[in-house]
Amino acid sequence: MRSPFRPGVVPDAAILDDHRSLVRSLERRGLIRGGLSLGALVMLTGCDVKRPEAVESALLAISRLNDGVQALLFDPDKLAPTYPASMILRPPKFNAYYDVTKVKPVDGASWRLELSGRIADKRPWTVSQLNALPQTSMVIKHICVEGWSYIGGWTGPQLRTFLEHVGADLRARYVAFKTADQYPSSIDMATALHPQTLLATQYGGDTLAAPFGYPARLRTATKLGYKNPKWITAIEVTNTYPGGFWEEKGFSWFAGI
Amino acid sequence: MHWVNAATMLVMITSGWGIYDDDVIIRGFHFSSFWRLGDWAAWSLNWHFAGMWVLVINGLAYLIYGLATGRLRERLLPIRMSDLIRTVVDTLHLKIAHEDITVYNAVQKLLYIGVILAAIAQVVTGLAIWKPVQFSGLVSLLGGFQTARVLHFVGMAAIVGFVIVHVALALLVPKTLWAMLSGGPCLAVRGEGSEGQLQQGHPT
């Protein structure tokens, strides 16, 4: 097939002879100009100027669009790969927006899980009530947005079981979390109902240690690490976009893997 | 298409360096802020995931156009060993001026095919590390999440290596730059001092 961009009639090559010197000088000028603009382009990538607002809002708009694409790519029946218990990393890797020495342990006896939003039974929950629900264990890979990963073993009730138990509106759009370390987070309902989304209370068969979210934290196998809030104190089921700690700073909200 | 790709590649590579710096693969090897697009990882990621659409759409358009018109096959094939050796020998004798810039030499063909394959590989490994659960089969095919991540890094290095050679040679043979900026020659220039025989640019 002939290129549609190629002209049907080409001019006589002889015309080039008349302009040879001109073409020559243009080449040289083009080289200098090309070199300069290439240099300028390289400078542009490293410019110290803060992101202009227009660029920032455009990037955020695309990120929201990508959240939609990610939701489409999410298969509620697709299970994350699981691993043998012998591969569990002990202790798990600590990561938060502060150092591990700054962790403020939560007292399990006085801890209550507050419920709000589109939930029928909003009475607060205790640790022993959570432990009385059917328990699920999974050995899955934790993948951080930074790029590192490790294999961890988690146990606790499925978030789906919990939501069904309290009569949550399972057709609502979001499940939002508040935590003891001021790390608000939220996930889509499809992920909340995924079988590998747990309200984890144990790691590697032992009660969660203080730095990793005792008494209860979210552990979902289908999202990046930062979508797994620790020390959960309140759960809300809502149709209003709740955002989250890192999401406010520019990270993707869906963050599915 | 070339310049859209050039700009997008620059965005993908420099924003990729910003993402890389959050958790380096080679211990002690960082990219300074000058080389990173996005003032920290969140914005490097946003640039990367915006640029990917332009890269994929432009790349698909290029491949579909190139395959449908036969342009890719016409320009990049065949590669003969004898041509390859002659080009290498010529280059070592510093004879690198192209008499007809519409015809690629064997080394050019090999490098252009290589970089197209590297770009496709980047999309595949990129998809694997973006959605390692949804595409878990692909990830295990690539040897696991961390291996896929290293492959994505190696692919970047290959493309950067190509870009350095490609830009250096284009600057050495300025005729090609003008052709690219003006939309390309549709007709071969008469060989200087030759017997005036016209060289056919395209065997169309």
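The values are calculated or read from the model by the stated rules, or taken from the named source; none is laboratory data. In this text, all values refer to a predicted model and were calculated from it rather than measured experimentally. Methodologically, a virtual Cβ is constructed for each residue, glycine included, from the backbone with ideal geometry; neighbour enumeration extends over all protein chains shown.
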Q: Enumerate the pairs (first residue in the range B:140-157 and away from chain A (no Cβ under 12 Å) and in contact (Cβ under 8 Å) with a residue 24 or more places away in the chain; second residue anywhere and surrounded by 15 or more Cβ atoms within 10 Å (Cβ to Cβ) and polar (S, T, N, Q)) with beta-carbon separation below 8 Å, excluding pairs fewer than 6 apart on the same chain, so at least 6 apart or on different chains.
A: B:Leu151/B:Thr125; B:Gly155/B:Gln122; B:Gly155/B:Thr125; B:Met156/B:Gln122
**Q.** Selection from the range B:12-35 of residues that are of a type in the set (Asp, Glu) and more than 8 Å from chain A (Cβ to nearest Cβ)
**A.** B:Asp21
Q) Any idea which residue in the range A:126-167 is farthest from the chain's Cα centre (by Cα), counting only those that are surrounded by fewer than 21 Cβ atoms within 10 Å (Cβ to Cβ) and aromatic (Phe, Trp, Tyr)? A) A:Tyr150
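For (1) crowded, with 18+ Cβ neighbours inside 10 Å; (2) part of a loop (DSSP other than H, G, I, E, B); (3) away from chain A (no Cβ under 14 Å), each residue gets a yes or a no:
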| position | (1), (2), (3) |
| --- | --- |
| B:Ala50 | yes, no, no |
| B:Val56 | no, no, no |
| B:Arg73 | no, no, no |
| B:Lys109 | yes, no, yes |
| B:Leu117 | no, no, yes |
Q) Looking at B:Ile120, is it in contact with a Ser or Thr (Cβ under 9 Å, 6 or more places away or on another chain) and over 23 Å from A:Val145 (Cβ atoms)? A) no
Q. Of all residues in the range B:119-139, how many are under 19 Å from A:Leu79 (Cβ atoms) and away from chain A (no Cβ under 11 Å)?
A. 1
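Within the range A:104-116, can you find the residues that are surrounded by 14 or more Cβ atoms within 10 Å (Cβ to Cβ) and farther than 20 Å from A:Thr197 by Cα?
Those that are surrounded by 14 or more Cβ atoms within 10 Å (Cβ to Cβ) and farther than 20 Å from A:Thr197 by Cα: A:Val106, A:Gly108, A:Trp111.
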Q: Looking at (1) without any contact (Cβ under 8 Å) to a residue 60 or more places away in the chain; (2) surrounded by fewer than 16 Cβ atoms within 10 Å (Cβ to Cβ), find the lone condition where B:His2 falls short.
A: (1)
Q) Of B:Leu84, B:Leu45, which residue is part of a helix (DSSP H, G or I), buried (at least 18 other Cβ atoms within 10 Å of the Cβ) and touching a residue at least 12 places away in the same chain (Cβ under 8 Å)? A) B:Leu45
Q. Looking at B:Leu138, is it buried (at least 17 other Cβ atoms within 10 Å of the Cβ), under 21 Å from A:Gln70 (Cα atoms) and modelled with pLDDT of 95 or more?
A. no
Q) Applying the selection to the range A:169-198, what residues are among the charged types (D, E, K, R) and in a strand (DSSP E or B)? A) A:Lys178, A:Asp188
Q. Which of the residues that make up the range A:107-123 are outside any strand (DSSP E or B) and either within 25 Å of the chain's Cα centre (by Cα) or within 22 Å of A:Phe212 (Cα to Cα) (or both)?
A. A:Asp107, A:Gly108, A:Ala109, A:Ser110, A:Trp111, A:Arg112, A:Arg118
(Q) One residue is enough: does the range B:33-40 have a residue meeting the conditions touching a Gly at 6+ places or on another chain (Cβ under 9 Å), surrounded by fewer than 16 Cβ atoms within 10 Å (Cβ to Cβ), more than 21 Å from B:Val124 (Cβ to Cβ) and among the basic types (Lys, Arg)? (A) no
